[in-house]
Amino acid sequence: MTLANSVKGQTVCIAGIKHPMVRAQAIRFGISEGETVMIQEIIPAGPVIVRKKHQELAIGRKMAEDIQITLVN
Amino acid sequence: MTTCHGAPIKLDIGKGEQKLVLAGNPNVGKSVFFNHLTGMYVDVSNYPGTTLDISHGRYKDWVVMDTPGIYGLSSFNDEERIARDVILQADKVLNIVNALHLERDLFLTRQIIDTGVPVVVAVNMVDEAKRRGIQINFDRLQEELGVPVIPSVAVKGKGLKEVEAALPQACTGRVNQELAAEIDTVSQTTANRGEALLALEGDEGIRTAYGISQKDKREEIYLNRRECVNEIFQSVVTETTQGANFSTKLGYWMVRPITGIPILAAVLYFMYQLIGVWVAGDVVGFTEETIFQGYYEPFVRGILTGFISPDSIFGQILYGEFGLVTMTVTYVLGLLLPLVVAFYFFLSTLEDSGYLPRVAALTDRVLNYIGLNGRAIIPLILGFGCVTLATITTRLLASEREKRIAIFLLGLTIPCSAQLGVITGILASIEPGFVLMYVLIILSILIAVGMIMDRVIPGRSSDLLIELPPIRLPRLANVLKKTGIKSFAFVKEAFPLFALGSLLISVLQVSGALNALQDALAPLTVGWLGLPKESANVFIMGLVRRDFGAAGLADMTLAPYQAVVALATITLFVPCVASVLVIFKERSKKEALVMWLSTWVIAFLVGGVVAQLYAHFEQIYLTVAAFAGLMALLVGASMLFSRRKTDVSAQSASCCHSEQ
Ligand SMILES: Nc1nc2c(ncn2[C@@H]2O[C@H](COP(=O)(O)OP(=O)(O)OP(=O)(O)O)[C@@H](O)[C@H]2O)c(=O)[nH]1
Ligand SMILES: [Mg+2]
């Protein structure tokens, strides 16, 4: 499952990021593999907005498709 | 044009002096600190990517530098490259972090500390952190980092004195020992430890500059640092969870399409009412007609006729039809200034609210069609204020390809505040159908040109990745200051250019060349565009500034469809001299020249086609439909003839991977 097909309101755990550049950026934002984030909003065919604590990030659809996730609870 | 894998650049600013560099994640308040320390004013707004250049000023015997916000030191994009070189050459770094998300911001802090430069950390926005139930143990944080840590609320002036007092105590912090040992080895070949660190972290520019071929360890170092930061975070921050307050909720509504699109529509409508109707109508009616044409112009004319005859050459140049002290002054101060002030006021309010990044998220999908991502909405919106400034803002786009598309679209299709004001004024006086016609023409050009560029320019654009800052109530003082500074800059820039333009026109007129020129251009203006031959004046004035040209239109009597043709042509016509200069600076000479010439061709082509279509159909909607159809055909053709885009999945992310 990828971030792109998650559902609004879910809490998900980042399981893997293919592209090394995206992976590096994710580490900086603190959403690297193993971290959990909340799916705040999904704009149809558009970006996925994730929330980690007080940080909100809009992630483009293509990038979201590159991010593997697993569901938490 | 900057190369992608930029080699480190030596700084000229503050050579041989002590450099204090402000560094931190985007939107944490660095520029507020800069303004406080130096007494200058650089833009402060609530979106990541406000500062995109190095500003410098003085504080005591230091040269202080403000840098673009970055999430880490490296060269993933332009902002990072600019910030990287400055931070690596700093003698001292004031690192500003956001108390709301320390676990993100401390990544950069640790990285800066790893470069071995003396650091002071200011934990800013503690007011917001407190409101959200975040408690930070500052003593513990200081201990963990090994550098002075000061809490602050920069916008309220809290903690600024303490930060200043702590600056002399800046010191190199606790570094990762293993990493430090490796840096020791590599730094024998590089200019400093910072460059050695970045070489180890795989920074291409630095690696090639020093011919370092040792395997890069970015991932390992990053993960290590992340782990260490998470531990620090755990030990210094305690949170009491609190429910979402109103501003957080408003933030959600702004991005959720069902509520977000109506909000966007409401904002645009409000802007139209405020600027297009009220300021362009009532306010300008008063300033231009009552004050300037009613009192000012007769007054100067009265004085000047005593000295210079109105029929003499000087008289004509000074206070004739295009008079330097009459028309120029009326245009700049009476007509354009109120519009410009209103626009900047509105834009500054938007900038300060935190709304822009949310519009970016909302419009991402649409912008993908024209080869851009949501981020590009920021320069496009700012372009309605001033295309020149917006052109510089395109630096916040991640790839050269996006910059190229955005800069061209800005120069071609986005009218700046002054121009837009005049346009709205003219449009307001004709039927709504024609207004729609104008808007649709410009919009279809924007879309068609964007789509064609997306097809034709090789490579793929980057994906959106933007943080959404908290929604804040704009601070009136900041909004007013920004409006004031930008409006003043407008007057300062526009006056000489307008004077030049009216001088040019007057000289042409007095020498009789204007008539000859109008006749020579008649096939184009009268034959092709279907306008009166005097419209040549407008394009000559528009060469200097489009708003000047548009203002000239306001004084001509035109049939509604002629007004639309003329407005569309002048909107698409060459960007103002200042913008052109910036385009030449931001892009290569050749590219800039191609862009400039293309605007000529496109402007007259579009104007003519619309004129001819209207002459044929004699009806608004068929004309627009036919025009849109033509555009669609063009886009379709470009799709057939350009090669298909290669697989995209492998190429997301940043800068370099989206280059040709
Ligand atoms: N509540 C609160 N807001 C602050 C504080 N400091 C700065 N701000 C606001 O934060 C926003 C960002 O401030 P800037 O100074 O533009 O931030 P920056 O770090 O220069 O941002 P970039 O140039 O985009 O990297 C502005 O809207 C400021 O008004 C603070 O201590 N508390
Ligand atoms: Mg700034």
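Laboratory data are not the source of any read-out in this text; all were calculated from the coordinates shown. Quick caveat: nothing in here was measured; it's all calculated off a predicted structure. Counting neighbours? That spans all protein chains shown, and the Cβs are built from the backbone with ideal geometry, glycine included.
If the chain between residue B:177 and residue B:622 were fully stretched, how many nm would it gain, using 0.36 nm times the residue separation less the Cα-Cα distance?
Difference between extended and current length: 152.9 nm.
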**Asked** Distance from the Cα centre of segment B:165-188 to that of segment B:13-85, in angstrom?
**Response** 21 Å
**Request:** Return the distance in nm (one decimal) between the two label points of a simple spin-label model at residue B:493 and residue B:456, each offset 7 Å from Cα along Cα→Cβ.
**Result:** 2.7 nm
**Item:** Positive-end residue, segment B:2-239 charge dipole about Cα centroid, Cβ charges, pick of B:234, B:44, B:71
**Value:** B:44
**Prompt:** So how do B:274-285, B:131-142, B:201-212, B:101-112 stack up, highest first, on mean other-Cβ count within 10 Å?
**Reply:** B:101-112, B:201-212, B:274-285, B:131-142
**Message:** Between residue B:261 and residue A:10, how high is the FRET efficiency from 1/(1 + (r/R0)^6) when r is the Cβ-Cβ distance and R₀ = 22 Å? Nearest 0.05.
**Reply:** 0.40
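To check you understand DSSP bridge types, tell me what percent of the beta bridges within segment B:2-239 (both residues inside) are antiparallel, rounded to 5.
Restricted to segment B:2-239, the bridges split so that about 35 percent are antiparallel.
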**Request:** Starting from the Cα-Cα distance between residue B:158 and residue B:476, subtract it from 0.36 nm times their residue separation and give me the gain in nm to one decimal.
**Result:** 112.6 nm
**Fill in**
Of the candidates B:412, B:159, B:605, the farthest towards the positive dipole end of the protein assembly as shown (Lys/Arg Cβ +1, Asp/Glu Cβ -1, centred on the Cα centre) is B:159
**Asked** How large is ³J(HN,Hα), in whole Hz, for each residue of segment B:247-254 in order, when computed from phi with the Karplus curve 6.51 cos²θ - 1.76 cosθ + 1.60 and θ = phi - 60°, using x for Gly and Pro?
**Response** 5, 5, 5, 4, x, 5, 4, 5
**Prompt:** Per-residue mean of other chain beta-carbon atoms within 10 angstrom of the beta-carbon, peptide B:93-104?
**Reply:** 3
**Fill in**
When the charge dipole of the protein assembly as shown is computed with +1 at the Cβ of Lys and Arg and -1 at the Cβ of Asp and Glu, the Cα pointing farthest to the positive end, of B:393, B:287, B:451, is that of B:451
**Message:** To check you understand DSSP bridge types, tell me what percent of the beta bridges within chain B (both residues inside) are antiparallel, rounded to 5.
**Reply:** 35 percent
**Asked** Roughly how many debye, to the nearest 20, is the charge dipole of the protein assembly as shown about its Cα centre, given +1 on each Lys and Arg Cβ, -1 on each Asp and Glu Cβ, and no other charges?
**Response** 640 debye
**Prompt:** For B:362-370, what's the mean count of beta carbons from other chains sitting within 10 Å of each residue's beta carbon?
**Reply:** 3
**Prompt:** So which of B:156/B:249; B:60/B:481; B:15/B:158; B:156/B:486 end up more than 27 Å apart, counting from Cα to Cα?
**Reply:** B:15/B:158
**Message:** Can you give me the distance in nm between label points at residue B:557 and residue B:290, each placed 7 Å from the Cα along the Cα-to-Cβ direction?
**Reply:** 2.6 nm
**Request:** State the Cα centre-to-centre distance between segment B:296-342 and segment B:119-141 in whole Å.
**Result:** 57 Å
**Prompt:** Among the DSSP beta bridges whose two residues both lie in the protein assembly as shown, what percent are antiparallel, rounded to the nearest 5?
**Reply:** 60 percent
**Sparse-neighbour loop sites [GluC sites (Glu not before Pro); segment B:281-377; at most 16 other C-beta within 10 Å; DSSP]** = B:321
**Prompt:** Roughly how big is segment B:328-474's charge dipole about its Cα centre, with Cβ charges of +1 (Lys, Arg) and -1 (Asp, Glu), in debye to the nearest 20?
**Reply:** 260 debye
**Request:** For every helix of n ≥ 4 consecutive DSSP H residues, a contribution of -39,500 (n - 2.57) applies; sum these over the protein assembly as shown, divide by its total residues, and give [θ] at 222 nm rounded to the nearest 500 deg cm²/dmol.
**Result:** -16500 deg cm²/dmol
**Asked** Given +1 on the Cβ of Lys and Arg, -1 on the Cβ of Asp and Glu, and no further charges, what dipole in debye does segment B:29-98 carry about its Cα centre, rounded to the nearest 20?
**Response** 220 debye
**Prompt:** Taking Cα centroids, how far is segment B:390-445 from segment B:271-292 in Å?
**Reply:** 21 Å
**Asked** If R0 is 30 Å, what FRET efficiency do you get for residue B:127 and residue B:271 from their C-beta distance, rounded to 0.05?
**Response** 0.50
**Item:** Three-way shape label, segment B:2-239, alpha-carbon gyration tensor, a/c 1.5
**Value:** oblate
**Asked** What distance in nm separates the simple spin-label points at residue B:443 and residue B:594, each placed 7 Å from Cα in the Cβ direction?
**Response** 3.0 nm
**Message:** A 23 angstrom limit on the alpha carbon distance is what I want to check against. Which of B:403/B:585; A:53/B:403; A:52/B:161; A:18/B:215 exceed it?
**Reply:** A:53/B:403; A:52/B:161
**Prompt:** On average, how many beta carbons from a partner chain sit within 10 Å of the beta carbon of a residue in A:38-48?
**Reply:** 5
